[in-house]
1. Among L52, L66, L35, which is modelled with pLDDT of 95 or more, among the aliphatic types (A, V, I, L, M), open to solvent by less than 10 Å² (accessible area, probe 1.4 Å) and in contact with a Gly (Cβ under 9 Å, 6 or more places away or on another chain)?
2. Considering only residues that are more than 20 Å from V428 (Cβ to Cβ) and open to solvent by less than 30 Å² (accessible area, probe 1.4 Å), which ones fall in the stretch 368-418?
3. Given the conditions (1) within 21 Å of the chain's Cα centre (by Cα); (2) under 26 Å from Y215 (Cβ atoms), and given that I367 satisfies all but one, which numbered condition is not satisfied?
4. If we keep just the residues of the stretch 419-440 that are hydrophobic (A, V, I, L, M, F, W, C) and in contact with a helix residue (DSSP H, G or I) (Cβ under 9 Å, 6 or more places away or on another chain), which is most open to solvent (accessible area, probe 1.4 Å)?
5. Would you check which residues across the stretch 397-414 are under 23 Å from the mean Cα position of the chain (by Cα) and in a loop (DSSP other than H, G, I, E, B) and list them?
6. Would you point out which residue out of L346, L391 is of a type in the set (A, V, I, L, M, F, W, C) and in contact with a Leu (Cβ under 9 Å, 6 or more places away or on another chain)?
7. Restricting to the stretch 69-84, and then to whatever is open to solvent by less than 60 Å² (accessible area, probe 1.4 Å) and either touching a Lys or Arg at 6+ places or on another chain (Cβ under 8 Å) or of a type in the set (A, V, I, L, M) (or both), can you tell me which residue is modelled with the highest pLDDT?
8. Test V474 against the criterion of being open to solvent by less than 20 Å² (accessible area, probe 1.4 Å) and either modelled with pLDDT of 85 or more or at positive phi (or both), and give yes or no.
Amino acid sequence: MEAAVGAGVEDDENMLTDAAVDLPVARAPFVGVLLSSLLFEGVYSPQRVAQLADALDYAGRIVVDLYWDAARAAWQLCPQRIPAASAAAPLARPGAPVALPGGLECSTNPIVGPAHVLAVVSSYLRNQTGTEFDVPISVVLNLHSLNVSPSAPSTAAPMRLADIVAAIGNAYTPTALAADRAAAVAAAAAAASASPSPTAAPAAAMTIHPIASAYYTGPWLANLSFPSTAALAPKRVLVAFGSNNLTPADGYSSPSDTSFIFSAQELASIPAITSDAFKAAAEAAPSVAALCSRPAANIAMVGSGADADDTTISVPAANRSATDTLVSWNFAYIQETPTQPFTFPLMALAARCGFAPLLTQNYTNDILNATVWSWAVAEPANDYSRNCASLVLPAARWITETCEKALPVACADQASQPLRWSISSTAVPFPRADSACAAPLAFALPRTAHEHAALVRAMSAAGVSAVWINYNRVTPVCWVRGWESPCPYKFSNDLLFLRLLGANLKVGIFIVLIFVLFLAYQTRNQWRASRENRRRAEVRRKIKQMEYKSIAKSE
């Protein structure tokens, strides 16, 4: 199968956050980035850590390499031991990096560590509350040792990761997830006992508890389920372990970590699929469907609910082998490797299958654009006479249309069967689209690449080349579900002002003071100019009077 796909696409202005708020957070992963290669690049300082806020506008997962210094009993980002300060080598000025062997530059005052990273993430999310960027962020911690022998017992308490995570205040923890899963299972059992039809239980449970979803049914509800993005608020940070190279000799022990930090398996912190393996599978696969369900050799993707029977994304039990590794669609990442950096076609193909990238080599606008599976090139267009979204074939992309145009309507029961779509038999304008779907189906919007692909198949089967999807523009920068629904995001000037302040309040206050001084300076200048103009007008009037008097006197 050819790996190349269609032309590039533009960034979706809303990142489809409104469409994903009712999806399990594990089924709506955003781009992941490895900070050591894409942000720090050998420089570990507070200033470089602060730049993380810019990356978080696009990334939903960050991977952090942490190094345990047993002599200090502390974690750091710098991959080399930082010499202790002495009279001969005093502390550097605050924030200034010190050159170390291997071309590294590491701050010694302070020594930056996990607390600095999590503080930026936590502050970023608090500043984005209610905006289009208010989405969960997962932080993966790869643990390494500096291979330093523990020093003599110290009075200083060791730096425990659990304490650091607890301190940020907006982390969603394994303890909270266990409680939510137990409540969801209990709610599903209660709904099942009250319902005459067992098939009604998952949908009923979804209305009772936000963690239940059509993507987790049966035993998967207790083992794999995650809350929706909306249900997580305000706990938006999920911290997980990644790789762990520590040994007992390193002397780090913190039993409470597992109460605050997810295991690598729970958040799929170490992706089972690499870009090398995915490219090889793409070249060998007979079709896109075959690739999506088997994205690498001996890897079988497996659904956990409504997607379990969809053979385009889930390998049936009869087709699995004893050598297969079964991989859930929860947090479905493909890790970029140095030997196979993502190209636009390869990234677009991964996004079409429903995978998100964990970028380690190539973090460019071109690659970010390739992750968009929804809008066509140059869409949504800035033509504000075209404010409604339509899915069109053969491009299988979204475009903007005039809302008065009559089109068939995309209908689905996303609460129980999100991958089964029906196309209305009548064509109607967008404002009447709700009436074209018969209950329990409703006018719907594809929220994931899988739902999008299922709708494309339904359109092809119905012989329809264009349908309305439930997305319309209510302001120049805000798209929502539901005809002329209120925008769920804040785009006011007040919010822009708050963003200007950002995490660094001191810098923000300084900017405000400069603005006030500038405004005062301008006002003073305008007052002087106005006063000068009045004086000039008075002089001109007096001159005119003198001229009149002179003329009159000379007559």
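The values are calculated or read from the model by the stated rules, or taken from the named source; none is laboratory data. What you see is a predicted model, and the numbers here were worked out from it, not measured in a lab. Virtual Cβ from ideal backbone geometry, glycine too; neighbours counted across all protein chains shown. SASA here: full protein model, heavy atoms, side chains in, ligands and nucleic acids out. Shrake-Rupley method; radii C 1.70, N 1.55, O 1.52, S 1.80 Å.
1. Every option except L66 fails the conditions.
2. Passing the criteria: L368, N369, A370, V372, S374, W375, A376, E379, P380, A381, A396, P418.
3. Going through the list (1) within 21 Å of the chain's Cα centre (by Cα); (2) under 26 Å from Y215 (Cβ atoms), I367 breaks only (2).
4. That would be A427.
5. Q414
6. Step by step, each of L346, L391 is checked, and only L391 is of a type in the set (A, V, I, L, M, F, W, C) and in contact with a Leu (Cβ under 9 Å, 6 or more places away or on another chain).
7. Result: L77.
8. For V474, the condition - open to solvent by less than 20 Å² (accessible area, probe 1.4 Å) and either modelled with pLDDT of 85 or more or at positive phi (or both) - is not met.
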